[in-house]
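A.B. asks: Below you'll find the structure I mean.
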Amino acid sequence: MSRIPEQSRVVIVGGGVVGASVAFHLTELGWSDVTLLERYTLTSGTTWHAAGLVAQLRATANMTRLAAYGAELYEQLESERGFPTGFKRTGSIAVAADHERLEELVRGADMAACFGVDVQEIDVETLASHWPMMHTDDLVGGVWVPRDGQTSPVDTTMALAQAAKAGGAKIVENIEVDHIITKNGVATGVSTAEGDIAAEYVVNCAGLWARDLAAKAGASVPLHACEHFYLVTEPVPDLPPGLPTLRDPGSNAYIKEDAGRILVGFFEPVAKPIDPKDMPKKGFVQLDDDWDHLGPVIEQAIHRLPLLGEIGIRLFFNGPESFTPDDAYLLGESPELRNHFVAAGFNSVGIQSAGGAGRVLADWIVDGAPPMDLADVDVRRMHPFMGNRRFVKDRSVETLGLLYEMHWPFRQKETARGARRSPIHDALVNAGAVMGETNGWERQNWFANEGQEPKYEYTYGRQNWFENSAEEHRATREAVGFFDQTAFSKFLVQGPDAMSTLNRICAAEVDVEPGNTVYTQWLNPKGGIEADLTVSRWSENEYFVVTPTGTQTRDHNWLVRNTPDDAVAITTDVTSGYAMFAVMGPNSRALLQPHTDADLSNEAFPFGTTQTIDIGYATVQAIRLTYVGELGWELYVPAEFAAHVYETIFSNGEAHGLRHAGYHAMNSLRMEKAYRHWGHDITDEDTPIEAGLNFAVAYDKAGGFIGRDALLAQKEAGIGKRLVQFKLDDPEPLLYHDEPIFRNGEMVGHTTSAMYGHTVGSAVAMGYVSTGVEMPRSEVLDAEYTIRANGTLQTAQASWRGFYDPANERTKM
């Protein structure tokens, strides 16, 4: 009798803690026809050697929500269901040896408070009381997380597996999946040495090996293995049991009590990548020691806990872990392969993440959509090139250490850079551009002045580019700024059914006359915003779609998958074919007019329209729009003409006050106007009604649109939150995102994005305010608002509209 079924509704590949969590949560939702396959034995990949830390405070709001759920789950599996996990609430402390690190911790505590996670700022004396053996002379403070915990990785996995089996799941060990079976772009099963299993869904939880397994099926799962080290001491006399986890990010180390011994783990700044193909083909792999590599961080750990230099070392452990290009795990359905779901690349936080990740992925599979905003970890955030083995290897050298490095505002990755560049990249660098990276693109964030080193100097205060960006901001408001936005995503939709296809996907009416441009959103069936974009009608059967840089893969996938199978409409990703230059400011018309025969007057070229015009020797598509709140045009230039158009625009730029401008300036400009940014101010959890974008919804257009019914129901029932614009009264503090918002002393939300407004003279932010369906819109602003930044309450003004030019007069001059 075969050990494996011929068919299973869901096949999960990989028997670590993540695979077991997915299986458990699927059975919790009533799906019992689930088969989990593990090529060796459960936990034998990387789970078995995990440290078992279960922290709740993560780098972002949604990841904090999921981590908090994981802690609750592991506790309940044992206390309420009788499946022992070894979980215990030990609490944790994180220490800071300088005030910048302390600010990072306090700002994280502010964020955690928005989601009910108890994180308390404590002084050095209190820190010492939690770990009496710790050296504290150089510390300035820290935080205490009383409900953090520790668990047994093996016991927790077994508990999840046993609970899944109790729910009907089948678990088969010592069976290797050779490849995923596909048909017409859909995963339809797996092939093993013992036969094939047909499946409706395949879930790739193969850990280090997930990338290679997916690649065989034509899907990209960007991750790479690194060596991850920890050591365990000999028994320590009189070591108190149940000590809290001690995190010392400045020393790149965490410390925990482990059965009367001390375990110290490391996240060194420069990691050692390893290819899984070079590892022994067996379970429970342990790699060679490397004392030389770890020497500096071991010394730092001894400084924090001098006892480590006096006690013997029983175990020096080196095991593989997988890391992704941006240090966040990969979750969701692959854009390249339908019904192939991924849960992999957990960056050494798989134990604390597995509970939440398994839950939301199971919901996604069963319901056909994610249950919450998962943009932070959605596999569709990755461009396919990121699966390139050389890229992920080179980037992983940095990403392991970033877990404990400072999470500076605006911090940029330093490795594996330069993959995607604008045609005028070198010209911008010569002009002083300091590049950041988004989705592999090199993008100018700010411009250094002559004699100024073109390099970031990070701080939580005003960074070294603050005044540079302010000058770029003011130039755009008062004269004209040049923004290279080539990295924006661009799609061409063509065919007799192009209009009907897009009109069903877009919330706004796009059945407009050729030459018009429409601002719109794409919604999911719940009314949540999946994308924020513009659509230009070039001709009767041809549309040009522009979406943000970071969502290229996601947006293209949404567009293609929501195009009816019988529609005569073809979508082409033309991102690489066009440069895009935004020329913005009150002098933009005077600057461009000498270079074109087209009439750029307001009467001939009104706001919200598009024309094919000449710029110098080139033919370009010009769209009169703005994301900065000023008169201006977006110029879409065939790539081979980009350098010429750039040179032409700058040939008379000095006379009009033309200045290069970067994305930091664009962010401050758009914040003053309250222009939304997808992924921060609007997500797939937010509707246009809640986000103040109801003006962009055509409820009565022929044929309706995806999400219409949900919006109509919400209009009828009322909404419980609204997006509000805020401006601090004090011009000194800085806001970033995820700061708590208080209305008349009660916490009612958190900021979604923020930047310093150089024209309005203080930090500006947006954030959703909980109102309840009974509160009239007119009463929402009639209150005293404060925002807590770095532990201090700041009074703020609230407004529905931007604090700069709320009547939108300047964009239509």
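A.B. asks: Take the residues of segment 73-82 that are on the phi < 0 side of the Ramachandran plot and either over 32 Å from the mean Cα position of the chain (by Cα) or among the hydroxyl-bearing types (Ser, Thr, Tyr) (or both): which is most open to solvent (accessible area, probe 1.4 Å)?
C.D. replies: Top of the filtered list is Glu80.
A.B. asks: To continue, here is another question. What are the residue pairs meeting all of these: first residue in segment 453-467, first residue closer than 16 Å to Gly436 by Cβ and open to solvent by less than 20 Å² (accessible area, probe 1.4 Å), second residue aromatic (Phe, Trp, Tyr) and not in a loop (DSSP other than H, G, I, E, B), Cβ atoms under 6 Å, and 6 or more apart or on different chains?
C.D. replies: From segment 453-467, the pairs are Trp465/Trp446.
A.B. asks: If you don't mind, there's one more thing I want to ask. For segment 387-441, which positions are surrounded by 21 or more Cβ atoms within 10 Å (Cβ to Cβ), of a type in the set (Val, Ile, Thr) and farther than 30 Å from Ala219 by Cα?
C.D. replies: Ile424, Val434 - these are the residues of segment 387-441 that are surrounded by 21 or more Cβ atoms within 10 Å (Cβ to Cβ), of a type in the set (Val, Ile, Thr) and farther than 30 Å from Ala219 by Cα.
A.B. asks: Search segment 9-51 for residues being touching an Asp or Glu at 6+ places or on another chain (Cβ under 8 Å) and part of a helix (DSSP H, G or I), and hand back the single one that is nearest to Phe267 (Cα to Cα).
C.D. replies: Gly19
A.B. asks: Being open to solvent by 10 Å² or more (accessible area, probe 1.4 Å), in contact (Cβ under 8 Å) with a residue 12 or more places away in the chain and in contact with a Lys or Arg (Cβ under 8 Å, 6 or more places away or on another chain) narrows it down to one of Pro638, Pro606, so name that one.
C.D. replies: Pro606
A.B. asks: Okay, next question. Looking only at segment 561-588, filter to residues that are closer than 28 Å to Glu442 by Cα and part of a helix (DSSP H, G or I); which one of those is most open to solvent (accessible area, probe 1.4 Å)?
C.D. replies: So the residue we want is Ser576.
A.B. asks: Pairs only if they're at least six apart or on different chains, beta carbon under 6 angstrom, first in segment 119-141 and touching a residue at least 60 places away in the same chain (Cβ under 8 Å), second open to solvent by 50 Å² or more (accessible area, probe 1.4 Å) and assigned to a helix (DSSP H, G or I); list them, first residue then second.
C.D. replies: That search, which allows pairs on different chains as well, returns His135/Pro306.
A.B. asks: Would it be correct to say that Ala271 is within 25 Å of Leu331 (Cβ to Cβ), open to solvent by 50 Å² or more (accessible area, probe 1.4 Å) and in contact (Cβ under 8 Å) with a residue 24 or more places away in the chain?
C.D. replies: no
A.B. asks: Only residues in segment 786-813 that are at positive phi count as the first member; pair them with residues that are open to solvent by less than 60 Å² (accessible area, probe 1.4 Å) and assigned to a loop (DSSP other than H, G, I, E, B), Cβ under 6 angstrom, at least 6 apart or cross-chain, and list the lot.
C.D. replies: Taking only residues 6 or more apart or on different chains, the pairs are Asp805/Gly629.
A.B. asks: Can you tell me which residue is farthest from Gln162 (Cα to Cα) among those in segment 22-66 that are β-branched (Val, Ile, Thr) and modelled with pLDDT under 95?
C.D. replies: Thr60
A.B. asks: Count, please, the residues in segment 43-91 that happen to be of a type in the set (S, T, N, Q) and touching a strand residue (DSSP E or B) at 6+ places or on another chain (Cβ under 6 Å).
C.D. replies: Residues meeting the conditions: 2.
A.B. asks: All but one of (1) under 23 Å from Gly577 (Cβ atoms); (2) part of a loop (DSSP other than H, G, I, E, B) hold for Met406; state the number of the condition that does not hold.
C.D. replies: (1)
A.B. asks: Quick one: in segment 251-291, which of the residues that are part of a strand (DSSP E or B) and in contact with a helix residue (DSSP H, G or I) (Cβ under 8 Å, 6 or more places away or on another chain) is farthest from Ala97 (Cα to Cα)?
C.D. replies: Per the stated criteria, the residue is Pro273.
A.B. asks: In segment 475-524, which strands (runs of 3 or more DSSP E) lie fully inside it and hold 2 or more residues that are at pLDDT 95 or above, touching a Gly at 6+ places or on another chain (Cβ under 7 Å) and within 27 Å of Arg589 (Cα to Cα)?
C.D. replies: Counting at least 2 such residues, we get 480-484.
The values are calculated or read from the model by the stated rules, or taken from the named source; none is laboratory data. Note that this is a predicted model, so its numbers are computed, not measured. We place every Cβ from the backbone using ideal geometry, glycine too, and count neighbours over all the protein chains shown. The protein model used for the area step is the full one, side chains on, heavy atoms only, and it has no ligands, DNA or RNA in it. Shrake-Rupley method; radii C 1.70, N 1.55, O 1.52, S 1.80 Å.
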